[in-house]
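Take a look at the structure set out below.
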Amino acid sequence: MTAEAAQLGYANAPKGGYRSRAMAIVSPPPKRLVMTLLLAGSAVAGLTGLAVLPAMAQRAPGAGDPAGAARVPPITQPPSATIMAEPVALFIGATDADDDARVTRAEMRAGVTRSFASIEKARPESLGYIELADWAERWLGDRNALPSAYETDSDGDNRITLTELTAQIDKTFTRFDRNKDDVLVRSELLTLDSARGNGLDQRGQRRRQQQ
């Protein structure tokens, strides 16, 4: 074997020519092996598709299935209105002396008198602004609950008399009394706040209507 043949990796061969070892290494695989690999790949792809189909069916019901489409919840639902009661409404409801679920104006005024007397004050005839906040915390649940000291102090002397407090609660009583019979039932003490339920204030609601 010549040096050139050794460098090219040829083995001893007949005169017809030499066969390369490299050519033998890269020769095509048998057809049976090719078919086996193709069948194995097809089987894996089929199993993957079967695993994905149930998940797709859960995410999106068939377009032609009305019953399935009905089970899909809507993207958004209109929020319901909020039923609430103002702190002063809770106070007025608590002045129902005869427990008949009806509050007369006389019962309300007697309740204001009792609540006024329950607060310790520097002057027995009137409440300072801080003392009115004490009254609001005890009887309305919060020191900043309405009515405020500024709207209740009608003469602007920085003191709240029983007459002034009663007059302010009287105004609230009249506002709640929708049928003007001088008696408040529980439904009149509730407020249906549709703007709060929709997540909009009144101005936002008007803006939406204008658009």
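What is the sum of charges, Lys and Arg at +1 and Asp and Glu at -1, for the other residues whose Cβ falls under 9 Å from the Cβ of Gly128? Display every interim value, and only then the final one.
Details: positive: Lys121, Arg123, Arg159; negative: Glu131.
Surrounding charge for Gly128 is +2.
Using alpha carbon centroids, what distance separates the range 101-131 and the range 145-162, in Å?
Spelled out, the Cα-based centre of one part sits 13 Å from the other.
Working from the pairwise distances between different alpha carbons, so that the mean of 1/r is found and then inverted, what is the range 79-135's Kirkwood radius in Å?
13.2
To the nearest 0.05, how large is the calculated FRET efficiency for Lys171 and Ala94 if R₀ is 25 Å and r is the Cβ-Cβ distance?
Computed FRET efficiency for Lys171 and Ala94 comes out at 0.85.
Hey, can you grab everything whose amide H is under 5 Å from the amide H of Asp96? Only 5+ residues off in sequence or another chain; H modelled, so Pro and N-termini drop out.
For Asp96, no residues qualify.
Ordered by packing density, taken as the mean number of other Cβ atoms within 10 Å over each peptide's residues, highest first, how do 129-135, 82-88 rank?
Top of the packing list down: 129-135, 82-88.
Starting from the range 82-125, pick out the GluC sites (Glu not before Pro) whose DSSP state is loop and whose Cβ has at most 15 other Cβ atoms within 10 Å. Let's see the in-between values first.
On the way: sites: Glu107, Glu120, Glu125; in loops: Glu120, Glu125.
Sparse-neighbourhood loop GluC sites (Glu not before Pro): Glu120, Glu125.
Compute for the range 139-181: radius of gyration divided by Kirkwood radius, i.e. Rg/Rh, restricted to C-alpha atoms, rounded to two decimals.
Computed over Cα atoms, the ratio is 1.02.
Can you work out the Karplus-derived ³J(HN,Hα) for every residue in the range 152-167? Use 6.51 cos²θ - 1.76 cosθ + 1.60 with θ = phi - 60°, whole Hz, and x for glycine or proline.
Result, rounded to whole Hz: 7, 6, 5, 9, x, 9, 6, 9, 10, 8, 4, 4, 5, 5, 5, 5.
Can you give the percent of C-alpha pairs in the range 96-185 whose distance is more than 17 Å?
Working: 1957 of 4005 pairs.
Everything past 17 Å amounts to 49 percent.
Each reported figure results from applying straightforward, stated rules to the coordinates on display, with no laboratory input. Everything numeric here is computed off the predicted structure, so don't read it as measured data. Every residue, glycine as well, gets a Cβ built from its backbone with ideal geometry; the counts of neighbours run over all protein chains shown.
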